[in-house]
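The structure appears right after this line, and notes come after that.
The values are calculated or read from the model by the stated rules, or taken from the named source; none is laboratory data. These numbers come from a predicted model, not from an experiment. Don't worry about glycine lacking a Cβ; one is built from the backbone with ideal geometry, like all the others, and counts go over all protein chains shown.
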Amino acid sequence: MADFLLELRSEEIPARMQKAARAELEKLFRRELDAAGVSIGDVTVWSTPRRLALIARDLPEQTEAVSEEAKGPPEAAPDKAVDGFCRKNGVTRDQLEVRDVKGRPTYFAVINKPGQAVADLLASAIPAIIRDFSWPKSMRWGDASISTESLRWVRPLSGIVALLGDTIVECEVHGVTSGAVTLGHRFHHSGDITIGDADDYTVKLRAAHVIVDHEERQNLIRTGAAHVATEAGLKLVEDEGLVVENAGLTEWPIPLLGRFEDDFLEVPPETIQLTARVNQKYFVCEDAAGELANAFICTANIEGSDGGAAIVDGNRKVLAARLSDARFFWDVDRKKTLAEHAKGLERITFHEKLGTVADKVERVAKLAEWLATEGIVPDCDPTLARQAAELCKADLVTEMVGEFPELQGLMGGYYARAEGLPNSVADAIRDHYKPVGQGDEVPTAPVTVAVSLADKLDTLVGFFQIDEKPTGSKDPFALRRAALAVFALINENHLRLPLWISSAAMLALNRRPESYSEKNFEAVWSKETRARFSEAYLHDESLTLEPSKRIAETADSLLDFFADRLKVQQREAGVRHDLIDAVFALGGEDDLVRLLARVHALQAFIETDNGTNLLAGYKRAANILKKEAPTPTPSQNPVTPAKARAQSDADDEANLGSRVRGNDEGSNKTLSYTPEPAEKALGDALAAAEPKAAAAVKEEDFAAAMAALASLRAPIDTFFEEVIVNADEPEKRDHRLGLLARFRDAVHTVADFSRIEG
């Protein structure tokens, strides 16, 4: 057994590519050796700016001999077929064996492969690894680069170290031959370094001021930066991404602390941090009060003879130039108000079918004002909501955001405060993009919530309106993320926002025909008619182009999308998807807070014995009713309020118990026969449970509704044990089927149990 060392040395590898390059090297190495039948032990891969290194432990020196069999054509096959089989397997005809296969003599080739020297296999594998290596960007170089067949690498490949044990694995790749010689630090070491084997590779390079292990360099930077900050009485602002990047830029990292002029602290701190981070790869520090300090930490790649003073001074001058630019942008941008900046949004296209960013801002402003006016976002001033929405995108045309797009929103908040706008408006401008992703802060300030929600709903409605929906893994406009952000805003702030109605109303707002009068439009949005929006809009005779159908279809499609996203989100949170289906299947439920409360109460109930047994009783009742007289079931997809009412009417007309419902339910006065005890008990239990469940649902006390349904468990079990439902007498049969229909409908006040698995 022997250890194998492979080093691929080149000019500087970009830090951002090194992680993927390490994974690629290990993948290709394993591919080649697996194909050669070489068993592999532990594999370690390291990277520095100038090299990729791989060490594979305990490789055999020789592969084992193997014997393989290949089934060929029948013995009576034409000579051409037999000869082709022989050529393919590298045997002659007299080496073939004839065996019986299902009564037919058939040729077999037995191929004995002798063991091979692993060094020879590695010599073939190394060129294949280099040729097949995948880089995000690569280049050709030298005289050979005139040919497209020349080697491509991230930077010019200059050396290969390949050792199996202490023996060189000889190979050549486009003029670069393997050996045992590498190079040390570019400045701290001169001359060649001869590597004896894998064990002394890191030792000899460390002596030459190269730390090969990228994780060790990261630890040195992490702890070293914190140490120099502490020595100066400061606290390091931790940035793990910057740690990794600096480790990819250095082979001998030395964290050094420097200072910049106090005057630059007038610029927003995020600007200073971003300037230092993005342009210079510097860390920043905070003082004891948690405020940004006039200090930076750079990571040098050499040890300065003066303790790094010259390095720090050079970096300070470069950072000062960058900060001067940032201060210039800050001063120039404040010469105009945000409202004046916002006029520039007319020049920016949001989407060719949805107009400019200015058009989007106007839509968002109207919607934010509506959310506040209607009380959907409680305690929100409609005037402030509109003002914040009108200015929320204004910083997109500022110099600062043009230089640092990551600061959009944040800079708008700073400019709003500098202008003297209300704090709630400045906060809304700053935070209206939130939440951006899972785990991000969810706004709770009323004005911010109104603007953030309006912005995301407008994006969703707009792109669904022009049929730019997510498909498969493609979601170019991040609509899935926007939907999750809407859920987070609604849940965190307990907003009562009917998603279908608001979506349809927004569609009417965004793309209404000219014949749709402003008076009618305002009526649709009024508080009194909002709940009946769909019906009123669908039957508005002033619509000459019949856009109402398109609006309803788009709103339905968007609600389906919300339902799918909700299932994914809740499944990740441990909620069963079939329970969400069971609630959505009732139709007309688009209030997220109420829907989730119903789902959570349903899950808690179904997991109890009462829930399990009630579900079994429901399924038995539903099967009987389906066999006797099929009844339309609620739609699988979420439906509009208008569709829900139509579906409900159809269900009522088709119910087997309709004749019984015409009487005094729960009593037996109109029956010509005496009900059996279990039959009467079920009727009495339904008479007691139905109003309780309905009232509890109306009050949104779904736990109480489940408790009312739980009281039906024993009566329905006894009913099935003691009563023959399909009695010969029509009256008995109809009454008992009616009881089952009432039982089913009582359960449907909470959810469609037919959707529940189990």
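Table: residues versus (1) outside the structural domain of ASN294 (by TED's automatic domain parsing); (2) surrounded by fewer than 20 Cβ atoms within 10 Å (Cβ to Cβ).
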site: VAL203; (1), (2): yes, yes
site: GLN218; (1), (2): no, yes
site: ILE221; (1), (2): no, no
site: GLY224; (1), (2): no, yes
site: HIS227; (1), (2): no, yes
site: THR230; (1), (2): no, yes
site: GLY233; (1), (2): no, yes
site: LEU236; (1), (2): no, no
site: ASN246; (1), (2): no, no
> Mind checking whether some residue in the range 116-132 is in contact (Cβ under 8 Å) with a residue 60 or more places away in the chain and part of a loop (DSSP other than H, G, I, E, B)?
Replying inline: yes
> Does the range 409-424 contain any residue that is in contact with a Phe, Trp or Tyr (Cβ under 9 Å, 6 or more places away or on another chain) and among the basic types (Lys, Arg)?
Replying inline: no
> Within the set of pairs 6+ apart or on separate chains, which have a first residue in the range 162-177 that is farther than 21 Å from ILE146 by Cα and touching a residue at least 12 places away in the same chain (Cβ under 8 Å), a second that is outside any loop (DSSP other than H, G, I, E, B) and charged (D, E, K, R), and C-beta atoms under 7 Å apart?
Replying inline: GLY165/ASP3
> If only one of ILE193, ILE221 is more than 36 Å from the chain's Cα centre (by Cα) and either more than 25 Å from MET17 (Cβ to Cβ) or in contact (Cβ under 8 Å) with a residue 12 or more places away in the chain (or both), which one is it?
Replying inline: ILE193
> If ARG363 satisfies every condition in (1) buried (at least 19 other Cβ atoms within 10 Å of the Cβ); (2) at pLDDT 95 or above but one, which is the exception?
Replying inline: (2)
> In the range 379-399, how many are buried (at least 22 other Cβ atoms within 10 Å of the Cβ) and either at pLDDT below 95 or assigned to a loop (DSSP other than H, G, I, E, B) (or both)?
Replying inline: 4
>> Among the listed residues ASP701, ASP745, identify the single one that is in contact with a helix residue (DSSP H, G or I) (Cβ under 9 Å, 6 or more places away or on another chain) and either without any contact (Cβ under 8 Å) to a residue 24 or more places away in the chain or surrounded by fewer than 17 Cβ atoms within 10 Å (Cβ to Cβ) (or both).
In response: ASP701
> Looking at this structure, is ASP83 assigned to a helix (DSSP H, G or I), at negative phi and not β-branched (Val, Ile, Thr)?
Replying inline: yes
> When you go through (1) among the β-branched types (Val, Ile, Thr); (2) touching a Gly at 6+ places or on another chain (Cβ under 8 Å); (3) not assigned by TED's automatic domain parsing to the domain that holds LEU234 one by one for ILE348, which number turns out not to apply?
Replying inline: (2)
>> Please verify whether VAL210 is in contact (Cβ under 8 Å) with a residue 24 or more places away in the chain and in a helix (DSSP H, G or I), treating the condition exactly as stated.
In response: no
>> For the range 64-74, check the following and say yes or no: at least one residue is part of a helix (DSSP H, G or I), in contact with a Gly (Cβ under 8 Å, 6 or more places away or on another chain) and over 24 Å from VAL243 (Cα atoms).
In response: no
>> Checking GLY41 against (1) within 18 Å of ALA125 (Cα to Cα); (2) touching a helix residue (DSSP H, G or I) at 6+ places or on another chain (Cβ under 8 Å); (3) free of Cβ contacts under 8 Å to residues at least 24 places away in the same chain, only one condition comes out false. Which one?
In response: (2)
> How about the range 520-597: which helices (runs of 4 or more DSSP H) wholly inside it have at least 3 residues that are modelled with pLDDT under 80 and of a type outside the set (Asp, Glu)?
Replying inline: 527-530, 533-538, 547-572
>> What's the number of the only condition in (1) in a helix (DSSP H, G or I); (2) surrounded by 13 or more Cβ atoms within 10 Å (Cβ to Cβ) that ILE302 fails to meet?
In response: (1)
> Would you call VAL82 surrounded by 14 or more Cβ atoms within 10 Å (Cβ to Cβ) and modelled with pLDDT under 90?
Replying inline: no
> Inside the range 410-465, can you point out the residues that are closer than 17 Å to LEU384 by Cα, assigned to a loop (DSSP other than H, G, I, E, B), among the hydrophobic types (A, V, I, L, M, F, W, C) and in contact (Cβ under 8 Å) with a residue 40 or more places away in the chain?
Replying inline: LEU421
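Per-residue answers, yes or no, for (1) more than 13 Å from LEU614 (Cβ to Cβ); (2) at pLDDT 90 or above:
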residue: LYS669; (1), (2): yes, no
residue: THR674; (1), (2): yes, no
residue: GLY683; (1), (2): yes, yes
residue: SER711; (1), (2): no, yes
residue: PRO715; (1), (2): no, yes
residue: GLU721; (1), (2): yes, yes
